[in-house]
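Participant: Quick one: the structure is below, and I'll ask about it shortly.
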Amino acid sequence: MTFRQAGARLLTLATVIALSTLSLSGPAQAEDSVPPSGQVTLDVQTVNGSGCPAGTAWVSMQPDNTGFRIYYSDFRAADGGSTNPTSVRKNCQVNVLVHIPQGFTYAIARADYWGRAHLEAGATALERTNYYLQGSSDNNYADHYFAGPFDGGWHTIDVTSAAELVWAPCGLTRSLNINTELRVDAGSSSRTSWISLRASEGDVYTIVNFQWRRC
C-alpha cells in the first residue's frame, strides 16, 4: 500500500488538487475491478483523536460497494492570532472491520479528501494520511502541502499503483486503519491561519475506494 510521493507540492489558489500519486501501472482486469454483488458492511471499531471528538465523525459504506465515506464536523487545525497552541496539530484515526462476501478480497486503491483552508502569506499547512491493515508491516503515508496566501476549498487524492496494492487476507477479517493529520504553521504572520476537513459549507468528507479481486 505504498502511496507514492509527488514531491513536497505546495498548493496555491490556482492549484486546488494535489496528487500524491503516480498513475496506475496498468489497467486492472475487468473481473478485479467489479465490486461483489453481495452485501459489504463496515463494523466501526474506533473513531478517535483530537480532530474527531466523540460524536463529530462517522463512517458510511457506499451503496455500490466501491468504498466508504468518512464525514467530519469538527476537524480543524489552526495557528496564529489567539489560537490555542494545541490547535496547531489535529488528527483522527478511523479503525473499521470490512465484512465482505466469501471469495473476494480488497485493497485500498484511492482516497479523496475535500476541505477548506485560510492561510495568510507565509503560512503553511499539511494534510497527511497513513493507511494500514492489521498485521501488515506496510504502514506508509501520503503528504500534501499547502502554502499561503490561500483562501478556499481544496481537494487532494492518494492513489497506489496496481503493482503495490496490499490485499486483505482471503477468508479473514482484519482491521483497516486510516489515520489523518492536519497541521498549520502561521509563519511570521500574527493572523490566524487554518485548514479544515469539517463540513462548514456543504458536505466535506473523505472517500476511500477499494480495488476488488477474487481469491
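Throughout, read-outs are computed from the coordinates displayed, never taken from laboratory work. As the structure is a prediction and not an experimental result, all values here were calculated from the model. Here the Cβ positions follow ideal geometry from the backbone for every residue, glycine too, while neighbour counts run over all protein chains shown.
Participant: For a quick protection proxy, order the peptides 87-98, 57-68, 123-134 by their average other-Cβ count within 10 Å, most packed first.
Facilitator: On the way: 87-98: 19.1, 57-68: 16.8, 123-134: 21.2.
So the order, starting with the most tightly packed, is 123-134, 87-98, 57-68.
Participant: Would you mind ranking H155, H144 so that the residue whose beta carbon has the fewest other beta carbons within 10 Å leads the list?
Facilitator: Details: H155 13, H144 25.
The order, fewest Cβ neighbours first, is H155, H144.
Participant: Roughly how many Å is it from the Cα centre of the range 158-180 to that of the range 47-61, as a whole number?
Facilitator: 21
Participant: Just to be sure I understand: of the beta bridges DSSP finds with both ends in the range 61-168, what percent are antiparallel, rounded to 5?
Facilitator: On the way: 19 of 19 bridges.
If I count the DSSP bridges inside the range 61-168, around 100 percent turn out antiparallel.
Participant: First select every other residue whose beta carbon is under 11 angstrom from the beta carbon of D112; then total the charges, Lys and Arg +1, Asp and Glu -1. Please report the intermediate quantities before stating the final value.
Facilitator: Numbers: positive: R69, R110; negative: D158.
Here the count lands on +1.
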